[in-house]
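Everything on this sheet refers to the single structure shown next.
The values are calculated or read from the model by the stated rules, or taken from the named source; none is laboratory data. This is a predicted model, so every value here is computed, not measured. Ideal geometry is used to build each Cβ from the backbone, glycine not excepted, and the neighbour counts take in all protein chains shown. Keep in mind that these areas ignore ligands, DNA and RNA; they rest on the heavy atoms of the full protein, side chains included. Shrake-Rupley method; radii C 1.70, N 1.55, O 1.52, S 1.80 Å.
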Amino acid sequence: MDKIIKNVLDTLEQHGFCSYLVGGYVRDTLLGIKTFDVDICTSALPKDIHAIFSICSNNYGGANLKIDNYNIDITTFREESKYVNRHPEEVNYITDLASDLMRRDFTINAICIDKTGKVIDCLNGINDLNNCLIKMIGDANYRLKDDPLRILRAIRFATTLNFAIDDELMLALKKNASLVSTLSGSRIREELDKILSSPNFKKGLKLLDDLGISKLIGLSYDDCFYTSDLMGMYVQVKVLKIPFTNNEKSNIIRITEVVNKGIINYETLFNYGLYINTVAGMVLNIDIKKINQMYKKMPIKDRTDIAINGSEIIELLNIKPGKIVSEIYSELITEILSGRLKNKKSDIRKYLLKRK
Ligand code: ATP
Ligand code: MG
């Protein structure tokens with residue numbers, strides 16, 4: 001166990017509180033997947049956690065520590081409470097681990113490791129981990145109704161881990177899939193991001209289709225290529241009911257424009273820049289190395305790279321500033337990118353005078 005994590009567990013224990021690693025960190029570590037997102041559950045109350053680690057901010061009755069690369073979430077043992085619009089009406093803090101595990105979603109997310117590294121597996125999570133199975137803790141039907149985010153979490157884990165969904169859970173998913181429409185766009189997006197970030201994303205899309213969730217959230221796609229960039233995925237998988245920032249929207253539009261051209265060349269690199277072209281290249285299945293090489297070789301990457309400026313053009317051609325100058329600029333860009341004109345002031349001057 002990493003020293004940093006052990007330190008956090010030891011600190012809680014030294015103050016008289018039980019503490020365990022749990023959730024995604026344990027699941028992924030047992031599967032041999034390296035992760036820096038750590039979940040710790042403890043008998044310490046939020047106020048104790050805040051005092052022990054000198055944290056002022058309160059977040060969902062727990063605390064978040066950022067130590068080196070680690071993002072550590074510490075939460076107090078709690079019981080499942082009645083949910084209202086996906087938020088527990090009240091949180092019941094408790095002192096024993098077993099009941100805290102019962103309120104968790106899937107058995108593979110309820111395996112614990114104590115400070116000595118001992119695995120505590122009250123709900124047979126290890127067995128399901130070995131059998132590659134997503135199994136709900138308790139009555140699947142009831143637990144999905146209580147918190148429909150679990151519907152998307154089930155699909156997410158089935159996708160990212162390439163696990164099968166247990167029969168009882170699958171039946172409950174079919175019954176309750178429509179409850180996804182009660183989730184906020186941003187919660188849906190968080191899970192979709194994780195599904196689409198997986199090279200196994202097609203499994204997730206099929207589950208979303210088969211369960212009728214795609215229709216509910218306005219998700220559609222044709223043929224899709226896996227791209228390590230999430231925006232590349234959202235260029236291919238359109239989803240109406242999730243939020244995007246203005247910057248993301250603009251990137252999606254610009255990547256789509258290059259994808260629709262079907263080619264990466266000096267012109268697309270000049271007009272859209274390296275990032276947009278790289279992602280478009282991924283969608284078009286074009287070798288990224290080739291795109292980078294092409295970008296390096298470009299005689300100009302930007303308007304400011306042109307060896308003559310606006311006032312020099314105006315003076316040389318004795319023209320007035322305005323549209324004509326920008327038309328001349330566009331022409332110069334085309335000529336220089338095509339290789340017909342060298343990006344040298346003397347050559348450009350000669351070209352402009354001859355053109356006049
Ligand atoms: P990852 O961090 O890789 O996204 P995770 O399983 O750790 O996956 P978190 O959101 O960090 O997901 O949650 C930590 C743990 O809290 C989960 O493993 C699970 O035990 C519990 N949990 C999270 N969300 C829910 C939920 N909606 N219902 C029940 N338990 C949940
Ligand atoms: Mg986690």
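In table form, for the structure just shown:
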quantity: Helices (runs of 4 or more DSSP H) fully within segment 257-356 counting 1 or more residues that are touching a Gly at 6+ places or on another chain (Cβ under 8 Å), surrounded by 11 or more Cβ atoms within 10 Å (Cβ to Cβ) and not charged (D, E, K, R); calculated: 266-283, 288-297, 323-338
quantity: Residue tally, condition surrounded by 22 or more Cβ atoms within 10 Å (Cβ to Cβ) and part of a helix (DSSP H, G or I), over segment 26-53; calculated: 3
quantity: Check on Gly61, in contact with a helix residue (DSSP H, G or I) (Cβ under 9 Å, 6 or more places away or on another chain) and modelled with pLDDT under 90; calculated: yes
quantity: Selection count, segment 104-124, where residues are out of contact with any strand residue (DSSP E or B) (no Cβ under 6 Å at 6 or more places or on another chain) and within 25 Å of Leu179 (Cβ to Cβ); calculated: 7
quantity: Only one of Thr107, Thr159 that is closer than 27 Å to Thr227 by Cα, open to solvent by less than 40 Å² (accessible area, probe 1.4 Å) and of a type in the set (S, T, N, Q); calculated: Thr159
quantity: Candidates Lys194, Lys145, Lys202, filtered to the one that is more than 14 Å from ligand 1 (Cβ to nearest atom) and either on the phi > 0 side of the Ramachandran plot or open to solvent by 60 Å² or more (accessible area, probe 1.4 Å) (or both); calculated: Lys202
quantity: Residue within segment 64-81 that is within 16 Å of ligand 2 (Cβ to nearest atom) and part of a loop (DSSP other than H, G, I, E, B) present; calculated: yes
quantity: Check on Ser81, hydroxyl-bearing (Ser, Thr, Tyr), modelled with pLDDT under 95, more than 16 Å from ligand 1 (Cβ to nearest atom) and more than 27 Å from the chain's Cα centre (by Cα); calculated: no
quantity: Failed item in (1) touching a Ser or Thr at 6+ places or on another chain (Cβ under 8 Å); (2) over 27 Å from Asp229 (Cβ atoms); (3) not hydroxyl-bearing (Ser, Thr, Tyr), with Asn176 passing the rest; calculated: (1)
quantity: Meets criteria (assigned by TED's automatic domain parsing to the domain that holds Val91 and at pLDDT 95 or above) for Asp28; calculated: yes
quantity: Single residue of Lys249, Lys238, Lys261 found to be of a type in the set (Lys, Arg) and in contact with a strand residue (DSSP E or B) (Cβ under 9 Å, 6 or more places away or on another chain); calculated: Lys238
quantity: Count of segment 26-47 residues which are within 12 Å of ligand 2 (Cβ to nearest atom) and closer than 18 Å to Met102 by Cα; calculated: 5
quantity: Failed item, numbered, when Glu80 is tested on (1) touching a residue at least 40 places away in the same chain (Cβ under 8 Å); (2) surrounded by 20 or more Cβ atoms within 10 Å (Cβ to Cβ); calculated: (2)
quantity: Failed condition for Asn176, given (1) open to solvent by less than 30 Å² (accessible area, probe 1.4 Å); (2) out of contact with any Lys or Arg (no Cβ under 7 Å at 6 or more places or on another chain); calculated: (2)
